[in-house]
1. Which is out of contact with any strand residue (DSSP E or B) (no Cβ under 9 Å at 6 or more places or on another chain) and at pLDDT below 95, of L259, L295?
2. Filter segment 123-140 down to the residues that are surrounded by fewer than 17 Cβ atoms within 10 Å (Cβ to Cβ) and closer than 23 Å to I102 by Cα and list them by number.
3. For segment 55-122, which fully contained helices (runs of 4 or more DSSP H) count at least 1 residues that are in contact with a Pro (Cβ under 7 Å, 6 or more places away or on another chain) and either of a type in the set (A, V, I, L, M) or surrounded by fewer than 20 Cβ atoms within 10 Å (Cβ to Cβ) (or both)?
4. Would you pick out the residues in segment 276-304 that are more than 15 Å from L74 (Cα to Cα) and out of contact with any helix residue (DSSP H, G or I) (no Cβ under 7 Å at 6 or more places or on another chain)?
5. Pick out the one residue from L55, L25 that is over 24 Å from R304 (Cα atoms) and in the same structural domain as D85 (by TED's automatic domain parsing).
6. Considering only residues that are aliphatic (A, V, I, L, M) and at pLDDT below 90, look in segment 121-163 and name the one that is farthest from the chain's Cα centre (by Cα).
7. Determine if segment 185-198 includes at least one residue that is among the basic types (K, R), at pLDDT 95 or above and not assigned by TED's automatic domain parsing to the domain that holds R290.
8. I'd like to know if segment 127-141 contains one or more residues that are over 16 Å from G89 (Cβ atoms), touching a Leu at 6+ places or on another chain (Cβ under 6 Å) and among the small types (G, A, S).
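The values are calculated or read from the model by the stated rules, or taken from the named source; none is laboratory data. A quick note: this is a predicted structure, and the numbers were derived from the prediction, not measured. Glycine also receives a Cβ, built like all others from the backbone with ideal geometry; neighbour counts cover every protein chain displayed.
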Amino acid sequence: MIPYGHMEERAGLRSRLRGLMAEHLPEHFHGAFTDDPDDFAVSQQFCKTLGSEGLLAISWPREDGGSDADEWDLTILREEMWAHDEPRGAQYMGVNWVGPAIKRFGSEEQQRYHLPRIASGESVWCQGFSEPESGSDLASLRTRAVPNEDGWVVDGQKVWTSYASMAGWMFLLARTDPQASRGRGLTVFLVPLDRPGVEVRPIRSMLGPHHLNEVFIDGLQVYPSDVLGEVDGGWALINEALAFERVGIARYARCERLLRMAPDELGPERWSALPAALRHRWLRALVHCRRARLLAYRVISRQREHRGDPAGAAAYRIAVTLLDQEAAEVLMEILDAAGLVVTSPGDDFVRSVENHVRYAQASTIASGTLEIQRVLLARTILGDSNA
């Protein structure tokens, strides 16, 4: 399906990745974010295995810890990981967009320090963006960085911060010019989370084991060497970085794998006994998987040509998050109609569906709400200069 390169080489990479997962992940592994801390440890070790073979940051230059692969090899990596319960856990964030942002905007010293650590699986990052009352409207954030003789002192609060409880570094956005309007006057800082002035509190949810947190910042000292890019230039930086994030999560691959597994898991008799309308919805969801995949490929193709595509990224994000929820609903109805429940740790298909359903609930909110993506798409299409 990938429109570039030799298909044998692409198939070989898929086989290699599946072989590594079969070899290094334990039986019944369902991702890093569970109540069992051993699962996070497994994920971290698997990332280091990928890193040692130049696969974790596969599309990065070899001098940065990658394999000089192209965007389509990176796409295969994303698809295989997400289709199999994302065994990279929190590491995908560093590889997908934190590392590329540092490569694009960072100083030589920042690149030399951070890129090898991300590519080897050593560093875990979190994203210090959303705040109470400043989630989707990120430009209104109120975390402030006030100048002092050593740099700035940061005070504020972040919320819904994925991976903060397990991360070592935060990609922190703060307001450095309180007089500037909205998106202006914001700066990105690369901050170690063990620095005094940072407190992380996990957020438990009705969805079960999760990775969300509140981060309280009180008197955090940051330095000029922590600044990524230009002071007061953070808005343009994060808009470019988030375009990579939005196409970097191959949610369609997990949806398609679980949907395709359903007939075999139920068996011919139970599958044939399902209501015809439900099987029709199952087939329509598979068509929507293909649609989301092709939208992603279009954006990736344009990125490959060094052409920005904010409208395409927003359109993909809309399609794939709606697909996430559509597939979750169809799969749960299939399980219910077939009388399947989680009865033992060996019920891998049912456990995978349950895990997918948990995360699909928030998919249209995370990384920019569905409504914001529609606004971005409309503004881009209409040529709004303020988009």
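1. Every option except L295 fails the conditions.
2. Passing the criteria: only A139.
3. Those helices (runs of 4 or more DSSP H) span 71-83.
4. A276, A277, R279, H280, L283, R284, V287, R290, L294
5. Result of the check over L55, L25: L25.
6. Among residues in segment 121-163 that are aliphatic (A, V, I, L, M) and at pLDDT below 90, the one farthest from the chain's Cα centre (by Cα) is A139.
7. Within segment 185-198, one or more residues are among the basic types (K, R), at pLDDT 95 or above and not assigned by TED's automatic domain parsing to the domain that holds R290.
8. yes
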